[in-house]
Amino acid sequence: MSTQGDPANIGKVLSFLREWDRGDRTVRSRMLSTFLGQNTGKSFYELDRELAQLSSLFLARLTTWMRLTYMFGTFLGLQLRAISIFLSASGHDQYLMEFLEDGGALTLLDILNYTQSKEEDKAEALHLLLTVSNAGRKYKEIICESRGVKVIAECLAESDIEETQETAWALLESLCQGNPKYQNQIYRSLITLMACNSPKAQQLVLHTLRTIQSKTKTAHHSIVEPLLNMLRSLHLEVQDEAINLILDLKCYDVKPLLLSGLVALLRPTKEEVKPHQITEESEMIKMTGSLPVFVQQAAAAKAIRLLAEEDHELSRELLSLGVIQYLLYAMGNREHTDAQIQASLALEHFVRSFPVVEEHVQRVMGSTLFAAFMHKAGSLYMNLDETQAEILITNKVNISGDYVLCLVMSKLRSAMHKGKRAAQGIVESAKPKRKRSKTAVKEEETTQAASSSSYHTFPDPADVVQLRSQLLNWYDKEKRELPWRTLAMTEPDLNIRTYAVWVSEIMLQQTQVATVKDYYNRWMKRWPTVQDLASATLEEVNQMWAGLGYYSRGKRLHEGAQKVTTELKGQMPQTVDSLLKQLPGVGRYTAAAIGSIALGQVTGAVDGNVIRVLCRLRAIGADSTSPAVTEALWGLANMLVDPERPGDFNQAMMELGARVCTPKGPVCSQCPVQSHCHSYHKVHVKQEQSSKKLLWKLERKTSALPDIEDCVNSGTCPLCPSEPWDDELGVQNFPRKPAKKPPRVERTLTFVVIRPGEEGEDEYLLTQRPNKGLLAGLWEFPCLLLEEENSEMKQRRTLCAEISRILGAHLTERLCQYVGEVVHIFSHIHQTYVVHSVRLKDGDTQTQTENAQWLSRSALQEAAVSTGVKKIVKLCDSVDSQKGQTSKDGKKQKITGVKNDKKSQTSKKPKLGAANSGGRQLSLSSFFKAVKEES
């Protein structure tokens, strides 16, 4: 159909339409295929010109033919794709209106509703309806008025194809943005869909419900029962979405139903627990060994904990529902570990928040079990025997009688935090007069002493708001441009963004930013998605990681990527909890950092930099690794984090610690939150006092000097320093860390075995380290740890024998030549490599074991080897070059540290670093400065 010459073109189009009208199915199929090939992607004006202003006639024929034949499946896919060309044509909505006027929307819905329709045809019909919906509000109304919501929802529930499910979900999400009167219709349909069997559909339905719920002011009571039933899903993604929806509903009038329902789930009835009644997901149950009712119990405990942590008033409501008795019951369920863990964590919150709960729980558990519970609630199940479990299950805790007292005490304690210490007597008299052990009384006094002081926290909310503003304003102006930050800000794909931040956080563990940047760029260029990394080999990962240190990190990244691809269907975990549970090598900080930066979750993140900043801000001087300080710091971080910009706030705290509030030489004058810093205030006041003393102005004006504010409970407070203030240290008095253990000193005998290569380039023998332990899986020169009880000569003989075994040929130790020593420092090991070399004449020498290989010099530099191996190569090069140098009189120069074969047999340990120094003695400070420490 040419566009040249209007009359001629009109004639061709009319001829085309006549052929269509007279043609059979075969002819029309051929015509449709030609039409698709020639017009895909054209705009409205291009199509109209191509069809000589008769395009509407062809669209009407297509719509009518589809209406008549869709039940027979006659080239339905071709028809739908042809119609898609018209509806997708940019520049005008005329085709869309004509299609709808001819009943096109009804036909598409009928295709979805027709049980015999193919999945691919349903998917195409959904795409067309999505195009219609996205065209504007009036088009959404047409779909909704044509009973479309029900049909689309059923299609989502019944389909087994993920692409179809996701398109249906996107269509429902699009319809939600239309007329509010149809939102209720969509809302009810989605509630009905919650009972469907497809986990993917359930996840999408819950996500859409959350979107609608954020737009509506009420929640229908019919949502509660199916939502609570979703907690028994054995699919973690569905569970997480259900819990998030429960958290969203806490502000609606269904809250009482939800809370009472959650508490009831903690204690399933005997009928529910009977295995023969479980019929759904039997294969999954067989694999996990978990009954859905116990999965539901664990999820309910987790939801209760999250609700209680978010809102103190909700904690009180849950107490009035008897939640403590039910949580103790769930903790005793030895048939499901996760239920015990989640119930323990939830109970810990109530115990720490309400003294009345602590009394009841301690009485039920007994002092020994209660002490273990308070030490680490999440692992209590490991110490629980059958008798103790039975005690928890049969508990009769009833807090209802003490509940009013609990509220009174809570209010009075809040008043005390604000400085109204006169309330102390009222609290003491209001406490129940029960006999308690001396240990318990002492622990309570210590806890109250610590909690009654606001010195180590931010009691004034205005200070928190001000600190956030000051810190974020500074960060916006001063932040470094780092590749992972840029990617986190610009990458729209949530999965890639989460993966990219995960990679950066793992690389930054124990490694400086300057070192990581190049590694990160190379890594993301080679493996831009989690699927790319999963398809790589561990050898390739180790090769990429070589020189970055702590090699187990790269291995865990690789394992995590494979887990995401195989077990999580390629989707990175989307919550802090799931990141912590599902990714190997991800701890509390890393999960919080990824969650806040990549996913926008409101959570603090505490790393080494943040520990230092917070300890100085709030004068926390106790051992920063102690449980009390650790929990206090996490509490502060979660209190301070900006809910609007959690990722930026956490990065700003780290940036502040890295560039301003440094371990040594902090630049307090440049600190944006200096006004909130107790440490800085203390230094400033002490300096002023010292200055006035020197000027002899202290005599009668002592009262005019500013006071140094300190913790009122210093001496009993678990956060205050146990050591006296050191004026010379200033703000560096905080934080206090335990003394580091000195690194372990090791000496390792190392052989560099060289043979001539095929192209004249030397080849080196390397062996692979075990898959676990230090430098796991990396390649190295054959080596043997030198032990004190055995002589170096004896061990060298042993190593020669091992090399002979690898090569399948006899290697005598007199062929070996001493080269020198290389010092390489790990974080916990001071390693010295005692290097010998041997050069083989036979270039055909082959290795006889799997974990050995020959590598050329260029290949060795690119292989998965540690920095220590590269240092050894550098030493060998240095010695070879020195041997080749000659003096003016033709005699070889003397090389300190390089001994001939005969002398090396009987020599003692050579001087450290002599071979590298070329005969020049280095000072100790110069030497240690030259040694690069590997993190």
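The values are calculated or read from the model by the stated rules, or taken from the named source; none is laboratory data. Please read all numbers here as calculations on a predicted model, not as lab measurements. Using ideal geometry, Cβ is built from the backbone for each residue, glycine included, and neighbour counts are taken over all protein chains shown. What goes into the accessible areas is simple: the full protein's heavy atoms, side chains included, and nothing from ligands, DNA or RNA. Shrake-Rupley method; radii C 1.70, N 1.55, O 1.52, S 1.80 Å.
Residues of segment 347-368 that are aliphatic (A, V, I, L, M) and open to solvent by 10 Å² or more (accessible area, probe 1.4 Å): Val364, Met365.
With respect to being part of a helix (DSSP H, G or I), open to solvent by 60 Å² or more (accessible area, probe 1.4 Å) and of a type outside the set (Ser, Thr, Tyr), Asp48 falls outside the description. Output the residues belonging to segment 236-293 that are among the charged types (D, E, K, R), assigned to a helix (DSSP H, G or I) and modelled with pLDDT under 80. Those that are among the charged types (D, E, K, R), assigned to a helix (DSSP H, G or I) and modelled with pLDDT under 80: Lys270, Glu271, Glu272, Glu283, Lys286.
Among Thr131, Thr192, Thr208, which is the only one that is assigned to a helix (DSSP H, G or I), open to solvent by less than 20 Å² (accessible area, probe 1.4 Å) and of a type in the set (Ser, Thr, Tyr)?
Within the list Thr131, Thr192, Thr208, the selection yields Thr208.
Residue check: Asn398 meets all listed conditions (1) in a loop (DSSP other than H, G, I, E, B); (2) of a type outside the set (Val, Ile, Thr); (3) in contact with an Asp or Glu (Cβ under 7 Å, 6 or more places away or on another chain) but one, namely (3). No other residue among Pro663, Pro718 is modelled with pLDDT of 85 or more, open to solvent by 50 Å² or more (accessible area, probe 1.4 Å), out of contact with any Asp or Glu (no Cβ under 7 Å at 6 or more places or on another chain) and in a loop (DSSP other than H, G, I, E, B) apart from Pro663. Where helices (runs of 4 or more DSSP H) sit wholly within segment 301-360, those with at least 2 residues that are among the acidic types (Asp, Glu) occupy 312-320, 337-353. When we screen Thr511, Thr486 for residues that are part of a helix (DSSP H, G or I) and either under 19 Å from Thr590 (Cβ atoms) or of a type in the set (Ser, Thr, Tyr) (or both), the only hit is Thr486. Restricting attention to segment 2-22 and to residues that are surrounded by 12 or more Cβ atoms within 10 Å (Cβ to Cβ), more than 22 Å from Leu87 (Cα to Cα) and not hydrophobic (A, V, I, L, M, F, W, C), the residue that is modelled with the lowest pLDDT turns out to be Asn9. The numbered conditions (1) at pLDDT 75 or above; (2) surrounded by 19 or more Cβ atoms within 10 Å (Cβ to Cβ) are all true for Ser856 except (2).
May I ask you to verify whether Tyr70 is assigned to a helix (DSSP H, G or I), surrounded by fewer than 16 Cβ atoms within 10 Å (Cβ to Cβ) and of a type in the set (Phe, Trp, Tyr)? Taking the combined requirement at face value, the residue does not satisfy it.
Of all residues in segment 470-483, which are more than 27 Å from Tyr551 (Cβ to Cβ), in a loop (DSSP other than H, G, I, E, B) and free of Cβ contacts under 8 Å to residues at least 60 places away in the same chain?
Glu481
Scanning segment 519-533 for residues that are more than 12 Å from Pro483 (Cα to Cα) and either among the acidic types (Asp, Glu) or open to solvent by 20 Å² or more (accessible area, probe 1.4 Å) (or both) returns Arg526, Pro528, Thr529, Gln531, Asp532.
Cβ separations smaller than 6 Å between residues 6+ apart or across chains give the following pairs from segment 44-58 residues that are acidic (Asp, Glu) to residues that are modelled with pLDDT of 70 or more: Asp48/Ser55.
Does Leu487 satisfy the criteria of being surrounded by 13 or more Cβ atoms within 10 Å (Cβ to Cβ), on the phi < 0 side of the Ramachandran plot and modelled with pLDDT of 90 or more? In short, yes.
For segment 23-32, the set of residues classified as touching a residue at least 12 places away in the same chain (Cβ under 8 Å) and either of a type in the set (Asp, Glu) or open to solvent by 60 Å² or more (accessible area, probe 1.4 Å) (or both) consists of Arg25 only.
Can you tell me which residue among Ala776, Ala801, Ala809 is farther than 30 Å from Lys555 by Cα, at pLDDT below 85, among the small types (Gly, Ala, Ser) and assigned to a loop (DSSP other than H, G, I, E, B)? Before the answer, list the steps.
Values: Ala776 fails: farther than 30 Å from Lys555 by Cα; Ala801 fails: assigned to a loop (DSSP other than H, G, I, E, B).
Answer to the check: Ala809.
A Cβ distance below 8 Å, combined with a sequence gap of six or more or placement on separate chains, defines the contacts here; from segment 495-521, residues that are over 26 Å from Ser578 (Cβ atoms) reach residues that are charged (D, E, K, R) and open to solvent by 40 Å² or more (accessible area, probe 1.4 Å) in the pairs Val513/Arg480. Only one of the numbered conditions (1) at pLDDT 80 or above; (2) over 42 Å from the mean Cα position of the chain (by Cα); (3) open to solvent by 10 Å² or more (accessible area, probe 1.4 Å); (4) under 19 Å from Trp20 (Cα atoms) is violated by Arg81, and that is (2).
Flag set for Glu359, criterion: among the acidic types (Asp, Glu), out of contact with any Leu (no Cβ under 8 Å at 6 or more places or on another chain), closer than 20 Å to Thr394 by Cβ and touching a residue at least 24 places away in the same chain (Cβ under 8 Å).
Could you say whether any residue in segment 496-516 is at positive phi and in contact with a Gly (Cβ under 8 Å, 6 or more places away or on another chain)? Yes: one or more hits.
Comparison of Thr69, Thr63 shows that the only residue that is free of Cβ contacts under 8 Å to residues at least 24 places away in the same chain and among the polar types (S, T, N, Q) is Thr69. Exactly one residue out of Gln562, Gln582 is open to solvent by 50 Å² or more (accessible area, probe 1.4 Å), farther than 19 Å from Ala864 by Cα and either in contact with a helix residue (DSSP H, G or I) (Cβ under 9 Å, 6 or more places away or on another chain) or of a type in the set (A, V, I, L, M, F, W, C) (or both), and it is Gln562. Annotation note: of Lys581, Lys525, the sole residue that is in a helix (DSSP H, G or I) and under 17 Å from the mean Cα position of the chain (by Cα) is Lys581. Would you check which residues across segment 753-788 are surrounded by 18 or more Cβ atoms within 10 Å (Cβ to Cβ) and more than 42 Å from the chain's Cα centre (by Cα) and list them? Selection gives Val753, Arg755, Glu763. For segment 382-403, the set of residues classified as of a type outside the set (A, V, I, L, M, F, W, C), surrounded by 18 or more Cβ atoms within 10 Å (Cβ to Cβ) and modelled with pLDDT under 80 consists of Asp402 only. Going by the conditions given, is Cys176 touching a helix residue (DSSP H, G or I) at 6+ places or on another chain (Cβ under 6 Å), under 30 Å from Gly104 (Cα atoms) and open to solvent by 10 Å² or more (accessible area, probe 1.4 Å)? It is false that Cys176 is touching a helix residue (DSSP H, G or I) at 6+ places or on another chain (Cβ under 6 Å), under 30 Å from Gly104 (Cα atoms) and open to solvent by 10 Å² or more (accessible area, probe 1.4 Å). The residues of segment 616-639 that are within 13 Å of Cys720 (Cα to Cα), touching a Lys or Arg at 6+ places or on another chain (Cβ under 8 Å) and either surrounded by 19 or more Cβ atoms within 10 Å (Cβ to Cβ) or of a type in the set (Val, Ile, Thr) (or both), listed by number, are Ala619, Gly621, Ala622, Ser624.
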